[in-house]
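A quick write-up on the structure given underneath.
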Amino acid sequence: MIKFFLVVLLAILFSCAEISAQQGTFNDPRDGTVYSSIKIGDQVWMSENLRYFNDGAVPLKNNKENIANHGYLYDWETAKEACPKEWHIPTDEEWKELLNYLGGKNKAGGKLKSNLPKFGWKT
């Protein structure tokens, strides 16, 4: 099974009412941080932002208080280096597979943003 690392400001969010999903966790052995993950179709995605520090990682608004809720922001090269082992930044094809599974680009966003508290995700 392929696992994906997502570098975005907002966590991937998902509505079980509309499509089937399985929640899980991932323990990053580099620093012991436990992250939520979610299986959508045949893909496994991190469902929260990465909080792993490496050179080039920047907290939102350069405020360290934002790290707990929002993780770090990374440029492309830094993101590839920060990516945990066995995870990777999704390719265009992998994004297309996710969008298609969620009913296309006009429906995917709504499905990903719905039911935040139901899954315990931070807003």
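The values are calculated or read from the model by the stated rules, or taken from the named source; none is laboratory data. What you see is a predicted model; the values in this text were computed from it and never measured. Backbone-built Cβ (ideal geometry, glycine too); neighbour counts: all protein chains shown. Protein only, heavy atoms only, side chains kept; ligands, DNA and RNA dropped before computing areas. Shrake-Rupley method; radii C 1.70, N 1.55, O 1.52, S 1.80 Å.
Counting only residues that are over 14 Å from the mean Cα position of the chain (by Cα), part of a loop (DSSP other than H, G, I, E, B) and farther than 25 Å from residue 97 by Cβ, the stretch 34-74 holds 6 of them.
Flag set for residue 86, criterion: open to solvent by 60 Å² or more (accessible area, probe 1.4 Å), within 16 Å of residue 28 (Cβ to Cβ) and within 15 Å of the chain's Cα centre (by Cα).
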